[in-house]
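One structure is given below, encoded as structure tokens.
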Amino acid sequence: MERFRDRKHAGACVAEELAGDVDIGPSPVVLGIPRGGIVVADVVARELDAELDVIAVEKIGAPWNPELAVGAVGEGEAMWIDAELAKQVEAAVLARMIEAERAQLAEKLADVRRVRPRIDLAGRTVIVVDDGVATGSTVRAALLAVERAAPARRILAVPVGSPQTLAELEEVADVVVCPLRPSYFQAVGLWYDVFGQVSQAEVLEILERRRDT
């Protein structure tokens with residue numbers, strides 16, 4: 001495995017590894033991180049015959065580089081902050097950024113919940129899925145948010161990721177599944193032939209399609 005054609009292909013590869021190498025247990029729930037992670041999660045959920053839901057997270061981008069995550073906020077007041085990067089941001093500025101991302105998170109989540117009511121995760125195996133992991137900020141916030149729902153286990157499943165970040169996340173999640181761990185990682189999008197933006201409308205369409213499953 002050198003690259004993925006697109007997110008659906010990536011989802012199929014993740015599902016294959018999950019089914020072959022992990023004791024998932026009965027009645028798992030797959031949680032996609034919007035937006036790109038939902039496309040991957042949709043395939044994983046179908047392949048595993050699992051319920052699909054969302055775990056909403058918003059990245060807190062650095063003021064000097066929005067693509068660099070200072071941290072992330074998640075559902076239920078969950079938050080993870082990179083302590084070293086946060087030192088480079090004025091406290092008042094960081095507070096405003098957090099507030100803005102929480103407002104955006106609430107707005108997007110309200111749209112989702114009109115289509116897909118929240119699934120009770122207590123005592124169940126939860127598989128958190130994204131389309132890749134670079135710094136791991138959004139995934140960390142997602143895992144923290146899931147932890148508050150008292151699942152039996154938290155499995156992180158992503159198609160591609162930075163080996164260093166994945167090693168760190170193995171201390172956070174119960175299981176980490178990642179088929180592609182390139183030593184020369186750089187960025188998630190480099191490992192896809194097609195890696196376009198996924199819209200909120202596409203996310204809602206996927207959840208609507210699976211509404212009764």
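The values are calculated or read from the model by the stated rules, or taken from the named source; none is laboratory data. Computed from a predicted structure; not experimentally measured. FYI the Cβ positions are ideal-geometry reconstructions off the backbone, even for glycines, and counts take in every protein chain you see.
Annotations for the structure displayed:
- The single condition among (1) surrounded by 21 or more Cβ atoms within 10 Å (Cβ to Cβ); (2) in contact with a Lys or Arg (Cβ under 7 Å, 6 or more places away or on another chain) that VAL139 does not meet is (2).
- Filtered by the rule that a residue be of a type in the set (D, E, K, R) and either under 28 Å from SER183 (Cβ atoms) or within 13 Å of the chain's Cα centre (by Cα) (or both), the range 1-46 gives GLU2, ARG3, ARG5, ASP6, ARG7, LYS8, GLU16, GLU17, ASP21, ARG35, ASP42.
- Matching residues in the range 41-74 - criterion: being surrounded by 21 or more Cβ atoms within 10 Å (Cβ to Cβ), more than 21 Å from PRO159 (Cα to Cα) and touching a Leu at 6+ places or on another chain (Cβ under 7 Å): VAL70, VAL73, GLY74
Condition check ((1) out of contact with any Lys or Arg (no Cβ under 6 Å at 6 or more places or on another chain); (2) in contact (Cβ under 8 Å) with a residue 40 or more places away in the chain; (3) not small (Gly, Ala, Ser)) across all residues:
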| site | (1), (2), (3) |
| --- | --- |
| ASP6 | yes, yes, yes |
| GLY20 | yes, no, no |
| GLY25 | yes, yes, no |
| LEU31 | yes, yes, yes |
| ALA45 | yes, yes, no |
| ASN65 | yes, no, yes |
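- Residue, farthest from ALA62 (Cα to Cα), within the range 72-116, restricted to residues that are of a type in the set (Asp, Glu) and more than 20 Å from the chain's Cα centre (by Cα): GLU99
- Pick from the range 1-40, criterion within 13 Å of VAL198 (Cα to Cα) and of a type outside the set (D, E, K, R), ranking: surrounded by the fewest Cβ atoms within 10 Å (Cβ to Cβ): VAL39
- The condition of being of a type outside the set (S, T, N, Q), at pLDDT 90 or above and farther than 27 Å from TYR192 by Cα does not hold for ALA50.
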